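Student: The structure that follows is given in the form of structure tokens.
The values are calculated or read from the model by the stated rules, or taken from the named source; none is laboratory data. No experiment lies behind these values; they were computed from the predicted model shown. All Cβ positions, even for glycine, are placed from backbone atoms using ideal geometry, and neighbour counts span all protein chains on display.
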Amino acid sequence: MRLVFLAAVIGLLTACANLPADRTKTSPIVLGQSHALPSEVYGTEREINVYAPEKPDWVEGPLPVLFVVDGGQEQDFVHLAGLSHLTLVNGERVPMIVVGVRTEDRYGEIVPDPQNERFAAEFEGYGGADGFRRHLTEEVVPFIEARFETGRHVLTGESLAGLFVLDTALRTPGAFDDYIAISPSLWWDDRRLAREAPVLLKDWQGEDKRLYLTMADEGGAMQRGLDEVLAAIETASPEGLELRYVDRRGEDSHATIYHGAVRDALQGMFGYPPYEQGPQPWWNEVTD
């Protein structure tokens, strides 16, 4: 019996060895290109990821550019590049060039330097937003403009990156054309950005700028800070700023808000009118 079993095993192994090699051809799915951009701000190379679709015939003018804070390959670049690719399929809005700007240490790169003593002591090493802003405006944007004909420049980010986006919109509005700040971490530094908003908006100077703000169900100092920013904008009513606020407290959490909110923001900024289907075809009519 053992000899029979052993013979069967040997026969099976021999048969497997004689099977033809897997002839299935494989190739990588390429979504874009990753660049190692030399940075004088940081004194090293920085990862910049770019999705640049071919401009369809039905698009007039240069494509807008979406600059993504926290845009590394394992961060938010891939899913936002996918949103732009989707527009080539469904035509719901203008396709975009997507530029993912990776953060190596987001806590030490995109957060405004703390002034509150308690925050400075508790969050040692946090800060660096001014340097990252220079990296964007002096290095990343020129790198993209040298390679592509570009339309409006849009800056987006969520959470701490959302705080950076809003901070940029209020302090240096000329840096970009449009701003999408999703669940910005306005709790930071005892809501300093919200507290400073009235003063910043008093001297705010921008032309044809758009700001999209939204918050999930985080509540607490985040929602309080956003309410204060919204009130400051309403009071100042700065010329040249178009604000859109969407309250998502009842439908999203901090973990789920980003993808859908970005799509909504971009649809409002660059969307085409709804497609007119016309009469229902006979095969889609209900007859019973």
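Student: Name every residue in segment 157-192 that is among the polar types (S, T, N, Q) and either closer than 19 Å to Arg224 by Cβ or surrounded by fewer than 23 Cβ atoms within 10 Å (Cβ to Cβ) (or both), in order of residue number.
Tutor: Of segment 157-192, the ones among the polar types (S, T, N, Q) are 159, 168, 172, 183, 185.
Those that are among the polar types (S, T, N, Q) and either closer than 19 Å to Arg224 by Cβ or surrounded by fewer than 23 Cβ atoms within 10 Å (Cβ to Cβ) (or both): Ser159, Thr172, Ser183, Ser185.
Student: Let me ask you something else. Being among the hydrophobic types (A, V, I, L, M, F, W, C) and out of contact with any strand residue (DSSP E or B) (no Cβ under 6 Å at 6 or more places or on another chain) narrows it down to one residue among Leu186, Leu211; which is it? Please lay out each step first, then the result.
Tutor: On the way: Leu211 fails: out of contact with any strand residue (DSSP E or B) (no Cβ under 6 Å at 6 or more places or on another chain).
Going through Leu186, Leu211 in turn, the sole match is Leu186.
Student: Mind checking which residues of segment 223-281 are surrounded by fewer than 18 Cβ atoms within 10 Å (Cβ to Cβ), more than 20 Å from Glu92 (Cβ to Cβ), touching a residue at least 12 places away in the same chain (Cβ under 8 Å) and not acidic (Asp, Glu)?
Tutor: Arg224, Leu230, Thr235, Ala236, Gly240, Leu243, Tyr245, Arg249, Gly250, Ser253, His254, Thr256
Student: Return the residues of segment 142-162 that are of a type in the set (Val, Ile, Thr) and over 9 Å from the mean Cα position of the chain (by Cα); say none if nothing qualifies.
Tutor: Filtering segment 142-162 for residues of a type in the set (Val, Ile, Thr) gives 144, 150, 154, 156.
Selection gives Ile144, Thr150, Val154.
Student: Same structure, new question: All but one of (1) part of a strand (DSSP E or B); (2) at pLDDT below 95 hold for Phe5; state the number of the condition that does not hold.
Tutor: Of (1) part of a strand (DSSP E or B); (2) at pLDDT below 95, only one is false for Phe5: (1).
Student: Okay, moving on. Please list, ordered by first then second residue, the pairs with beta carbon atoms under 8 Å, 6 or more apart or interchain, first in segment 150-170 and small (Gly, Ala, Ser), second surrounded by 24 or more Cβ atoms within 10 Å (Cβ to Cβ) and assigned to a helix (DSSP H, G or I).
Tutor: Gly157/Leu163; Gly157/Phe164; Gly157/Val165
Student: Do we find a residue being crowded, with 22+ Cβ neighbours inside 10 Å, farther than 22 Å from Ala236 by Cα and acidic (Asp, Glu) anywhere in segment 145-156?
Tutor: Kept after step one, since they are crowded, with 22+ Cβ neighbours inside 10 Å, are these residues of segment 145-156: 154-156.
In the following step, the residues that additionally are farther than 22 Å from Ala236 by Cα were identified as 154-156.
Now drop any that are not acidic (Asp, Glu), which leaves none.
Looking through segment 145-156, none of the residues is crowded, with 22+ Cβ neighbours inside 10 Å, farther than 22 Å from Ala236 by Cα and acidic (Asp, Glu).
Student: Taking only segment 203-220 into account, find how many residues are over 23 Å from His153 (Cβ atoms) and either at pLDDT below 95 or within 19 Å of the chain's Cα centre (by Cα) (or both).
Tutor: Taking segment 203-220 and keeping what is over 23 Å from His153 (Cβ atoms), we get 215-220.
Of the ones still in play, those that are also either at pLDDT below 95 or within 19 Å of the chain's Cα centre (by Cα) (or both) are 215-216.
Count: 2.
Student: While we're here: Looking at (1) without any contact (Cβ under 8 Å) to a residue 12 or more places away in the chain; (2) in contact with a helix residue (DSSP H, G or I) (Cβ under 9 Å, 6 or more places away or on another chain), find the lone condition where Glu285 falls short.
Tutor: Unmet for Glu285, out of (1) without any contact (Cβ under 8 Å) to a residue 12 or more places away in the chain; (2) in contact with a helix residue (DSSP H, G or I) (Cβ under 9 Å, 6 or more places away or on another chain): (2).
Student: Within segment 181-199, does at least one residue satisfy the condition of being more than 26 Å from Ile48 (Cβ to Cβ) and among the polar types (S, T, N, Q)?
Tutor: no
Student: Being closer than 16 Å to Gly240 by Cα and in a strand (DSSP E or B) is the filter here; which residues of segment 181-226 pass it? Please lay out each step first, then the result.
Tutor: Of all residues in segment 181-226, those closer than 16 Å to Gly240 by Cα come to 200-212.
Passing the criteria: Lys209, Arg210, Leu211, Tyr212.
Student: Continuing with the same structure: Go through the residues of segment 60-82 one by one and say whether even a single one is charged (D, E, K, R), closer than 21 Å to Asp178 by Cα and surrounded by 11 or more Cβ atoms within 10 Å (Cβ to Cβ). Talk me through it step by step, then tell me what you get.
Tutor: Taking segment 60-82 and keeping what is charged (D, E, K, R), we get 60, 70, 74, 76.
Going one step further and asking which of them are closer than 21 Å to Asp178 by Cα, we end up with 60, 70, 76.
Adding the requirement that they be surrounded by 11 or more Cβ atoms within 10 Å (Cβ to Cβ) leaves 70, 76.
Yes; the residues of segment 60-82 include at least one that is charged (D, E, K, R), closer than 21 Å to Asp178 by Cα and surrounded by 11 or more Cβ atoms within 10 Å (Cβ to Cβ).
Student: Given (1) within 27 Å of Phe67 (Cβ to Cβ); (2) touching an Asp or Glu at 6+ places or on another chain (Cβ under 7 Å); (3) modelled with pLDDT of 95 or more, identify the lone condition not met by Tyr272.
Tutor: (3)
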